[in-house]
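Here the structure is laid out as structure tokens; the discussion comes afterwards.
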Amino acid sequence: SEDSKRSLMKINSLTNWLRSLKKQPDPGAGALDLLVSCSQSTLRIALNRSGLLQTDACAVVAKGEGLYYGLARAPSGSVWLASRRALVSDGLPSERERGQILSLATDTTSQPARPNRPLRDLHGMAYREGILWVTCSYDDCIGLYNLKTGQWNWWQPLPTAQAAGPDQYHFNTVVFESDLVWVLAHRRGPSWLLAFPVEAAAKGQTVEPVHKVELGQQAHNIWRQPDGELCTCSSIEGRLVGERGWHLETGGFPRGVAQIEAGWVVGISELKERKDRDFSDAQLKFFNQSWEQTAEVILPAVGMVLDIMPIPKALKLPTVGTQPLVVN
């Protein structure tokens, strides 16, 4: 019948259209830059498709309100940055900090609303379904900022002992995996990687973790290898470690790990006294997918590397200056 012929033509047309899409190169594939938060500034470092530097300088997207730490990005392209508004060398006690979350959009009306309690000792951030999750280490809690309603809520992952005072766990990382939220408790020594039901956490409920992995010393960051091994930076030991025994010596103080198409990037800070940390040189070490080092880049006088996040090269962000890079 004519109706059947028309239906078949539509199906063939749709099939050919889908095939044509598959033949077209993906403009975002491999086209990544790195966003790197440091003590003094936050940097945008351009990479080529091989995961190597494109130039001997990079763009500065934020400065003057550091120490900068957590980075988060929504699928829409919106990017947020945690700012403590005080350097380590300033000597400001954590209880007096008044940190803030910055939107890196050019539209200043999109800045997150002020929370109903201070953001103290800000560390890592993550985004999930319209909510920014912000680790506040001093208060042993995670701040949840609803981007649609402008409301802040609070989640305490573990019970605290009132007599022990603040900063008992020093939470510094939050990562989502399916219906779980992983939180890293640094603990100023042997660290814990903890997984909680994300639904309970989003409601601010303190519940027992469903997974607890003791891994690393003064650890930062959580990721999985392609084979599924759970890993972290054992920062004070200068190495990366996995729950099944994998390890890699990096030297320095590793913190900030990003996976790119060519492999991995790890931030390395110098081990220095607190008063000197904000003015030291930092490094980015590049590895292939087998964790063989391929390059090393020095970031002069930026202080510490706090976090690293890949971003699409097409993403537009503000630029307030440039920062020299040195390939070692």
Mean accessible area per residue over region 191-306 (1.4 angstrom probe, all protein chains present, square angstrom) is 43 Å²
Between 0 and 90°, nearest 10: helix 2-23 axis offset from the chain longest Cα axis: 40 degrees
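Excluding ligands, DNA and RNA, what is the solvent-accessible area per residue of region 71-159 at a probe of 1.4 Å, expressed in Å²? Display every interim value, and only then the final one.
Working: 3960 Å² over 89 residues.
With all protein chains present, region 71-159 gives 45 Å² per residue.
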Given H placed on each backbone N at 1.01 Å, which residues far from Ala57 in sequence or on other chains put an amide H within less than 5 Å of it? Leu325
With Kirkwood radius over Cα pairs in Å defined as stated, name the option among [x] 20.9; [y] 20.0; [z] 19.4 computed from the structure displayed. [x]
Residue among Thr149, Thr160, Thr42 with the largest mean-square fluctuation in a Gaussian network model of the chain, springs linking Cα atoms under 10 Å: Thr149
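With +1 assigned to the C-beta of every Lys and Arg and -1 to the C-beta of every Asp and Glu, and no other charges, what is the dipole magnitude of the chain about the Cα centre in debye, to the nearest 20? Walk me through the numbers on the way to the answer.
Details: 34 positive and 34 negative charges, 188 e Å.
For this selection, approximately 900 debye.
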Among the aspartates and glutamates, which have Cα under 15 Å from the Cα of Lys203 when same-chain residues fewer than 8 positions away are ignored? Glu129, Asp179
Summing -39500 (n - 2.57) over every DSSP H run of at least 4 residues in the chain and dividing by its residue count gives a helix-only mean residue ellipticity at 222 nm, to the nearest 500 deg cm²/dmol, of -3000 deg cm²/dmol
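Counting pairs of alpha carbon atoms under 8 Å apart in space and at least six apart in sequence, what relative contact order in percent does the chain give?
Values: 844 pairs, mean separation 54.4, N = 328.
RCO, the chain: 17 percent.
Considering only Cα-Cα distances, which of the following residue pairs are longer than 21 Å: Lys148/Lys212; Lys63/Lys275; Lys63/Lys148?
On the way: Lys148/Lys212 33 Å; Lys63/Lys275 19 Å; Lys63/Lys148 27 Å.
With Cα atoms farther than 21 Å apart: Lys148/Lys212; Lys63/Lys148.
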With all protein chains present, how much of the accessible area of region 179-328 (probe radius 1.4 Å) comes from carbon and sulfur, to the nearest whole percent? 48 percent
Among Ala57, Gly91, Gly150, flag the residue with its Cα farthest along the positive direction of the charge dipole of region 33-150, charges on Cβ as +1 for Lys/Arg and -1 for Asp/Glu. Gly150
Once each part is reduced to its C-alpha centroid, what is the distance from region 73-144 to region 246-284 in angstrom? 22 Å
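With +1 on the Cβ of every Lys and Arg and -1 on the Cβ of every Asp and Glu, and nothing else charged, how large is the dipole of region 160-242 about its Cα centre, in debye rounded to the nearest 20? Don't jump to the answer; show the numbers that get you there.
Details: 6 positive and 9 negative charges, 50 e Å.
About 240 debye.
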So what are the ³J(HN,Hα) numbers for region 112-127, from phi and the Karplus equation (6.51, -1.76, 1.60; θ = phi - 60°), rounded to whole Hz, Gly and Pro as x? x, 5, 5, x, 8, 8, x, 8, 10, 6, 4, 10, x, 9, 7, 10
So for region 213-287, considering every pair of alpha-carbon atoms, how many percent are separated by more than 13 Å? 65 percent
Rounded to two decimals, the Debye log10 I(q)/I(0) of region 64-200 (Cα scatterers, no solvent) at q = 0.08, 0.09, 0.11 Å⁻¹ is -0.20, -0.25, -0.38
Modelling each spin label as a point 7 Å along the Cα-to-Cβ direction, I'd like the Thr149/Glu214 distance in nm, to one decimal. 3.9 nm
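The values are calculated or read from the model by the stated rules, or taken from the named source; none is laboratory data. None of the values given here were measured: they were computed from a predicted structure. Cβ: placed from backbone, ideal geometry, glycine included. Neighbour counts: every protein chain shown. Remember, those area values only see protein heavy atoms, side chains included, never the ligands or the DNA or RNA. Shrake-Rupley method; radii C 1.70, N 1.55, O 1.52, S 1.80 Å.
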